[in-house]
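Since every read-out is calculated from the coordinates, none of them should be taken as a lab result. Predicted model, so just to flag it, every value in this text is computed and none were measured. For neighbour counting, all protein chains shown are included, and Cβ atoms are generated from backbone atoms with ideal geometry for every residue, glycine included.
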Amino acid sequence: MGEKTAIYLNNVSKCFKRYTRPVDRLKEVLLPGKTYGQEFWALRNISFEVMKGETIGIIGRNGAGKSTLLQLICGTLIPTSGEVQVNGRVAALLELGAGFNPEFTGRENVYMNGAIMGLSKIEVDERFDNIAAFADIKDFIDQPVKTYSSGMYVRLAFASAIHVNPDILIVDEALAVGDMFFQAKCMVRMRQMMESGVTVLFVSHDTGSVKSLCQRGVFLDDGELRCIGKASEVVEIYISRIRAEANQELNRQVLRTINSQDNKKSNIVNNSNFKIVVQTDMESKFADGSCRYGDGGAKILDIQILNKFHQLTNHIEYKQDFSIQASIFFEESFPTFCFGYLIKDLKGIELIGTTTTTENIDMPPVKSGDVYVVEAKTVNVLNEGIYTIVFGVELPVMPNQQHIYLDLVDNALVFKVNPPENIQHKFWSRTYAPVTINFMKI
């Protein structure tokens, strides 16, 4: 392991044994050579390294092996095979209940945690007031931890973890139980630690947070490393896998649950000013770096942005009307369909978007071979910057409004929002919303 490496894993695997009856575990101890348990491999052949100062997001479904991986890095579990090396002091906030003695008071647990992390009593004394202030649990600091709510527990655990000056901070989903104000405070502190050079491993089901906080992502699935790379790209692979599986599940019930709309009149308005600009041949053309997924049955051919004059553009003016126009080729017949768009920034953070279902628009039935040109007209609420568009055509499943993705193109189009004219002060927010200002001298 090099000097710049914080965490190194080489072919790490972890096997647990599951027993049908508690007595089977005892039999296996007393009768060497016989196996009474069933092997369960939580992790298989995991290899990657984390550089010092890097922030890594670990994503995957429940049971993918994320928590087991973190416990191996923390040293609370020993790998069945493979090598784990850690360079630096590790502070970990794992699943709720780990690390604190429920019979001890919050104060006693802070000192115990500090001792485990190698701090002297004097060093913990120097940090205690800051820990107590950050946790903000007031008089409960001197009450047994077993009397705490889950939110109070997380407050104290996180405050203790970040005040031991760790080289590596590991945060599992435990923060999800905190209230929104505490979560915001934790995110601010985590960003400060990242900027100061602390290595962070961040596990979350919130893919938006992973994309915004992390440089790289690790996707675990069924105990195996599916991919590792740029956080936004790994998140998109994960989302596409989840959506594909959701489609398979929905397809089993679609024939039973779709309300036939053959005789239902669409309330989509055919505007006389609707001018078709996108191409409608069978060749799809999208931006470099785009990716697509879906079950098929429809194919998005083209996506373009039109300015207020209905002209093709890749620049949108501040507060101006614009349209997103797309052409769709239907390879199968459907009783209805749905389309929508989503606009993201270059970090992959999802900003704004909508679907025809959200807008209560009932689209007509389509036949195999039909080509539709669809348009969504709106006003630009984005401030200066570069953005990308996700566009999808879907099959709505009633009555729960779930959708089957027929075709979805991510990063289909890149466009720029020009800086606003006659405005001297830069907006720090990504979006703008009209506001009415009132004032009165009294």
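Between Asp142 and Arg226, the distance separating the two model label sites (each 7 Å from Cα on the Cα→Cβ line) works out to 5.1 nm.
Beyond 26 Å, what share of the Cα-Cα pairs of the stretch 271-417 is found? Please give it as a whole percent.
For the stretch 271-417, the share of Cα pairs beyond 26 Å comes to 21 percent.
Counting Lys and Arg as +1 and Asp and Glu as -1 over every other residue whose Cβ lies under 9 Å from the Cβ of Tyr318, the net charge comes to -2. Over 23 Å apart at the Cα level, from the set Lys230/Lys344; Lys34/Lys66; Lys275/Lys299; Lys285/Lys377; Lys347/Lys416, are Lys34/Lys66. Spacing of the modelled spin labels on Glu350 and Gln85, each 7 Å from Cα toward Cβ, amounts to 4.0 nm.
In this structure the amide hydrogen of Leu301, modeled in the peptide plane, comes within under 5 Å of the amide hydrogens of Ser327, Ile328, Phe329, none closer than 5 places in sequence on its chain. With the highest mean first, a sort of the peptides 434-440, 216-222, 315-321 on other beta-carbon atoms found within 10 angstrom per residue produces 216-222, 315-321, 434-440. In plain terms, the residue of Ile137, Ile56, Ile352 with the fewest other Cβ atoms within 10 Å comes first and the most crowded comes last, giving Ile352, Ile137, Ile56. Against the main long axis of the alpha-carbon atoms of the chain, helix 150-162 sits at an angle near 70°. Under the combined filter of DSSP loop state and at most 15 neighbouring Cβ atoms within 10 Å, the stretch 322-361 retains these GluC sites (Glu not before Pro): Glu331, Glu332, Glu359. For the stretch 357-372, the residues whose backbone nitrogen is under 12 Å from a point 7 Å from the Cα of Met282, taken along Cα to Cβ, are 369. Computed 3J(HN,Hα) for the stretch 199-208, one whole-Hz value per residue from the Karplus formula 6.51 cos²θ - 1.76 cosθ + 1.60 where θ = phi - 60°, is 7, 10, 10, 10, 9, 7, 8, 7, 5, x, glycine and proline marked x. Spin-label model, Asn438/Cys15: points 7 Å from Cα along the beta carbon direction are separated by 7.2 nm.
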